[in-house]
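So the structure is just underneath, and the comments pick up after that.
The values are calculated or read from the model by the stated rules, or taken from the named source; none is laboratory data. Keep in mind it's a predicted model, so treat the numbers as computed, not measured. Because the Cβ atoms are built from the backbone with ideal geometry, glycine has one as well, and the counts that use them run over all protein chains shown.
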Amino acid sequence: MSSLPSTPAKVPFYRNLTALKWAFQIAAVLLVFALLYWLYSNYQENISKSNIQTDLRFLDNPANFTIPGNDFDQSQPVRDAFVQGFLNTIRVSFVGIILATILGTLVGIARLSKNFMVRTLGAVYVELIRNLPLLLLITFMNLGVVLQAFPRIEDAWVPLDLFVVSNRGIAIPWYLGPSGQLALIILAAVVIAFVVGKIRVRQADKSGKQDRAWLYGILTFALILISSWMIFGYSFETPLVDGRGTTGGLRIDPSLFALLASLVIYTSSHIAEIVRGSILAVNKGQGEAADAIALSGSQKMRLIILPQAFRIAMPAIGNQYLNLIKNTSLGATISYFELTQVAQITVGNGSPAVPAFTLTLLVYLGISLITSLVVNYFNRRLALVER
Amino acid sequence: MITWMRRNLFRSITDSFLTILSGSLLLYVVWQALQFIFVTGRWEIIQVNLKILLVGRFPDELIYLLGLSILAIVFGISALAAGGRGTREHKSLTLLLWGLLQRFGLLIATGVLLIALGGDQESLLFGFYVIAAVAAGRIFGAIRKRTALSKLPGWAWVLINVLPALSLVFISISQAALEEWGGFLINFYLAIVSIALCFPLGVMLALGRRSALPLLRWLSTAYIELIRGAPLFVLLLLAGVALEFFIPDSITPDPIFRSVTVFTLFTAAYLAEIVRGGLQSIPKGQAEAGKALGMSATKITFLITLPQALRNVIPAQIGQFISLFKDTTLAGVALSVFELLNVGSAITKQDAFLGQGLVYESLAFVGLLFWVGSYFMSRESQRIEKKLGVGIR
């Protein structure tokens, strides 16, 4: 352009595109900062008038409330209450994500079944749940199912003598022993089983025989678990009704059960739709090729269709995981002591609102970011390597 | 029939087993539901509280304004739908009716149910008025095609049909104080106002995130990611206890104002991601063609890429609207807005109904309204998706 004789050598600044672009951006940024400054100055003014803390010192004050199902003492600082709330949030999210994925995948496959009844049942489930507000499900689970339909503790349901179901919660059989140890053993077993599976796959690739890697993996896992179970002397304990409560086993609080059940049901209906769409999106030729080499129906699904479908579904399912984690905040509506409930109560007890809720939001943001990092990592691992 | 059964129900032994299992489960659920609806359900609680569930404490003498607004909205939509279609393949009357029944059957059934629950002459009359409004809209649309009205530009036609509804809605708002609104009306109002307000912000954020200007891009990205990482419920709680710290003392926001603010700011971030997806789906050639014609960047965006992007993501936008519609229930718990779910729980605590275990009845009614609304919208969105052929290309 500059070589053309007709253009002037120097462009005036108001016609200079680079200058204009930067001027525009700086104006936009200034506008945003002006807005933020306005909010901040209002905040300062209101704070100075009402003499409220603005920093995180409130975390050291005594909490003055107890957390049911937890040996949290009310003289402990607010900080510890937040930690307990955080752990509860993580607990519900973790279990919820696993259960919702399993249930959602099953329902998603059921919706594509050749069997009319199974198909209809899946469709009814998905369409019914997906179009209801989550809060309605949670309220229904809490008020309608747990508090009204479940029996009182005196005449609790005891299916198979293993579980105790009553409106004081559900007790399930659980092992006896230190909890951290078992978690470590399970983690180690998973890692070792994974490595064994990988080695089997490599061997099978070399020898050209069928691999059965997952069988070896599961066997290794079971072997490690059973042997360490015996070495450390763990045992199962079934819950028993004991007066106004239950002893033994693991007790799931009514609010935890209501929250977990509704989150799993709600999220699984969304995951089912994603799984269904992804299975339909797998190239038809893949299924036909599997038929052509005479794979059985379940082999075709397991080895050919599902791995490819999950590649397509991964980003959307990751979004559902994030939604589930954020939706655990609704536990506060039925007094399940997760992060939001802790924040709400401590603010009600006199902690300053803005710092407390900002802290809560930042924790959620952190959890979301870490989850999306993990999902993105798997997404990249699964993604098709293209030219 | 027998071949169908053999193929779809009893293909193999496991298949037959599954059929019997899921069939009995399905039958059990349907049986329980029917029994609940027709035998065990005590629906007086809904009948007595029907008005408060639908419109809250809206003043009785002003309800006619709401009725008129609904009629105007129905009329406008019906006229626009009639006038919008250019050519239509010739269908037999039965097919046409069947299609209409499939599309609107659920809404009609719900309307009939509400009229039956209302049980007085006025609600029945209102039902007829709605049908009349639909018919009048169709006729008005047909008139437009045949007469000089067809020379009107598209925007004027839209304006003619939208303006009466909008002005009636504004009159209703100005006549009755917002605190007197409640029930389902509030859910609808919150959802519609928030989606309308978040639109400009969402589109701006989407453009900002795809802009070549780094500062704008960073600002938009930061906003979108911050909001998307936060739970809506916590934001609503925060607005409930902390909003007054950030605005001058002279303004005292009411709960509805707070919830509209949060819903708008929240949905804008999600809408921005949807619109961004739409912008990414537009082939580069479109913008390049614009450049070749010598259009400025602004013109290319607003006349070429953005309209196509917005059209392509209409189904996703409806999905976002549905989830916003369902999320309006959160305003009830977080900010004590008197919305449907809140009303539904409150009526079970009335003196006449306290402690009778009527949670099922009230939640079933609340759930029905939400379910019908969401299901209808998602079906319509699927229809639009097919019409646009978005998934096919």
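Quick rundown of the values:
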{"quantity": "Some residue of region B:97-113 being part of a helix (DSSP H, G or I), buried (at least 16 other Cβ atoms within 10 Å of the Cβ) and of a type outside the set (S, T, N, Q)", "calculated": "yes"}
{"quantity": "Region B:230-264 - residue that is of a type outside the set (A, V, I, L, M), part of a helix (DSSP H, G or I) and within 13 Å of another protein chain (Cβ to nearest Cβ) and, of those, farthest from A:Gly348 (Cα to Cα)", "calculated": "B:Thr261"}
{"quantity": "Matching residues, region B:170-183, being crowded, with 19+ Cβ neighbours inside 10 Å and out of contact with any strand residue (DSSP E or B) (no Cβ under 8 Å at 6 or more places or on another chain)", "calculated": "B:Ser172, B:Ala176"}
{"quantity": "Only listed residue being under 20 Å from the mean Cα position of the chain (by Cα) and surrounded by fewer than 21 Cβ atoms within 10 Å (Cβ to Cβ), chosen from A:Ile293, A:Ile252, A:Ile274", "calculated": "A:Ile252"}
{"quantity": "Of residues in region A:114-146 being surrounded by fewer than 21 Cβ atoms within 10 Å (Cβ to Cβ), at pLDDT below 90 and within 22 Å of B:Phe370 (Cβ to Cβ), the one farthest from the other protein chains (Cβ to nearest Cβ)", "calculated": "A:Val145"}
{"quantity": "Enumeration of residues in region B:190-214 that are without any contact (Cβ under 8 Å) to a residue 12 or more places away in the chain and in contact with a strand residue (DSSP E or B) (Cβ under 9 Å, 6 or more places away or on another chain)", "calculated": "none"}
{"quantity": "Candidate set from region A:48-66 (those that are at the interface with another protein chain (Cβ under 10 Å from one of its Cβ atoms) and under 37 Å from the mean Cα position of the chain (by Cα)); member that is nearest to B:Tyr223 (Cα to Cα)", "calculated": "A:Thr54"}
{"quantity": "Breaking point among (1) within 14 Å of chain A (Cβ to nearest Cβ); (2) in contact with a Ser or Thr (Cβ under 6 Å, 6 or more places away or on another chain), for B:Leu65", "calculated": "(1)"}
{"quantity": "Any hit, region A:173-180, residues being in contact with a strand residue (DSSP E or B) (Cβ under 7 Å, 6 or more places away or on another chain) and part of a loop (DSSP other than H, G, I, E, B)", "calculated": "yes"}
{"quantity": "Qualifying positions in region B:327-341 - within 7 Å of chain A (Cβ to nearest Cβ) and either over 14 Å from B:Trp371 (Cα atoms) or touching a strand residue (DSSP E or B) at 6+ places or on another chain (Cβ under 7 Å) (or both)", "calculated": "B:Thr329, B:Leu330, B:Val333"}
{"quantity": "Residue, surrounded by the most Cβ atoms within 10 Å (Cβ to Cβ), within region B:205-219, restricted to residues that are in a helix (DSSP H, G or I) and more than 10 Å from chain A (Cβ to nearest Cβ)", "calculated": "B:Ala206"}
{"quantity": "Residues located in region B:215-265, provided they are polar (S, T, N, Q), within 24 Å of A:Asn46 (Cβ to Cβ) and touching a residue at least 12 places away in the same chain (Cβ under 8 Å)", "calculated": "B:Ser259, B:Thr261, B:Thr264"}
{"quantity": "Sole residue being surrounded by fewer than 20 Cβ atoms within 10 Å (Cβ to Cβ), at pLDDT below 90 and at negative phi, chosen from B:Ala309, B:Ala346, B:Ala289", "calculated": "B:Ala346"}
{"quantity": "Which listed residue is crowded, with 16+ Cβ neighbours inside 10 Å and within 14 Å of chain B (Cβ to nearest Cβ), from A:Arg168, A:Arg111", "calculated": "A:Arg111"}
{"quantity": "Residue within region A:373-384 that is surrounded by 15 or more Cβ atoms within 10 Å (Cβ to Cβ) and either closer than 30 Å to B:Thr328 by Cα or at the interface with chain B (Cβ under 10 Å from one of its Cβ atoms) (or both) present", "calculated": "yes"}
{"quantity": "Restricting region B:361-377 to residues that are within 7 Å of another protein chain (Cβ to nearest Cβ) and under 10 Å from the mean Cα position of the chain (by Cα), the residue that is surrounded by the most Cβ atoms within 10 Å (Cβ to Cβ)", "calculated": "B:Phe370"}
{"quantity": "Answer from B:Ser381, B:Ser345 - the residue that is among the polar types (S, T, N, Q), over 20 Å from B:Gly182 (Cβ atoms) and assigned to a helix (DSSP H, G or I)", "calculated": "B:Ser381"}
